[in-house]
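**Q** I have a structure I would like to understand better, so I am pasting it below and will then ask my questions one at a time.
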Amino acid sequence: LRGGKEDSRGALVVLEGLDRCGKTTQSARLVANLEKLGHSAELWRFPDRTTSVGQMISSYLSNKSQLDDHTIHLLFSANRWEKRSLMESKLKSGITLVVDRYSYSGVAFSSAKGLDIEWCKAPEIGLLAPDLVAYLDIPPEKAAERGGYGGERYEQLEFQKKVGQNYQVLRGPTWKIIDACLPMEDVEEQLQEMVLDCVKTCQEGKPLSCLWS
Ligand code: DGP
Ligand code: NA
Ligand code: NA
């Protein structure tokens, strides 16, 4: 049987939100739940700090190096570009990718420094477009209370407020908003439900597309 489930693609699911919104925990739980239900799924995250570009980013985030705002923006983007072809082949082989942060972080964080939003979006053009962006919505003040920030460069309340406003500008038809102040189990359940819907749509033949669509 051709055209059936055996040659269908996986879904590209992105989790976004402010620092300390719970994305990292939820993306790990989501992957475990998908696998329990018999789906092939992998957990990815950006920045991917394991590559040489990723190491430059990591050093910048921990304030061990200083870089011009445009330069670091392009490095974050390059870090996504260096994974693009692997991402495409995994999706085409039927694996669902759950990605902790993507191009929306790129634009929301850099434009919070005052960079032009269209300039920020440009280097992301042509990366794979997510089938679903799950936004874990939390007031910046609440996020700041959650066990404190880890001390990385962007983990400051005033900055996170701007990031939150920028995320609002980026919202589009593929976005679903989840109240990240709900109990963890409720967030997990809502997330799983929307992702299963999305996986089904992709299995049924929804084509892959590119940013910014
Ligand atoms: P995380 O490893 O998810 O805690 O992310 C590290 C920090 O980097 C976090 O504050 C969000 C920020 N970040 C993630 N992606 C990008 C990006 O593409 N550009 C910028 N400027 N910041 C980003
Ligand atoms: Na962080
Ligand atoms: Na995180």
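Conditions (1) within 16 Å of ligand 2 (Cβ to nearest atom); (2) among the polar types (S, T, N, Q), marked per residue:
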residue: Ser52; (1), (2): no, yes
residue: Ile57; (1), (2): yes, no
residue: Asn63; (1), (2): yes, yes
residue: Ile72; (1), (2): yes, no
residue: Ser77; (1), (2): no, yes
residue: Lys83; (1), (2): no, no
residue: Met87; (1), (2): no, no
residue: Lys92; (1), (2): no, no
residue: Leu97; (1), (2): no, no
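**Q** Let me ask something else about it. Residues in the range 179-197: is at least one in a helix (DSSP H, G or I) and of a type in the set (S, T, N, Q)? Steps first, answer last, please.
**A** First, the residues of the range 179-197 that are in a helix (DSSP H, G or I): 184-197.
Pick out the ones that are also of a type in the set (S, T, N, Q) and you get 190, 192.
Yes, some residue in the range 179-197 is in a helix (DSSP H, G or I) and of a type in the set (S, T, N, Q).
**Q** Looking only at the range 59-70, how many residues end up being open to solvent by 60 Å² or more (accessible area, probe 1.4 Å) and not in a loop (DSSP other than H, G, I, E, B)? Step through it out loud before you land on a result.
**A** Applying the first criterion (open to solvent by 60 Å² or more (accessible area, probe 1.4 Å)) to the range 59-70 yields 63-64, 66, 68, 70.
Next, from what is left, pick out any that are not in a loop (DSSP other than H, G, I, E, B): 70.
So the answer is 1.
**Q** Are any residues in the range 61-120 among the charged types (D, E, K, R) and more than 30 Å from Gln203 (Cα to Cα), and if so, which ones?
**A** The first filter runs over the range 61-120 and keeps only residues among the charged types (D, E, K, R), leaving 64, 68-69, 80, 82-84, 88, 90, 92, 100-101, 113, 116, 118.
Those that are among the charged types (D, E, K, R) and more than 30 Å from Gln203 (Cα to Cα): Lys64, Asp68, Asp69, Lys113, Asp116, Glu118.
The values are calculated or read from the model by the stated rules, or taken from the named source; none is laboratory data. What you are looking at is a predicted structure, and each value in this text was computed from that prediction instead of being measured. Positions of Cβ are generated from backbone atoms using ideal geometry, with glycine treated the same way; all protein chains shown enter the neighbour counts. Each accessible area value is taken on the protein alone, full model and side chains, heavy atoms only, with ligands, DNA and RNA left out. Shrake-Rupley method; radii C 1.70, N 1.55, O 1.52, S 1.80 Å.
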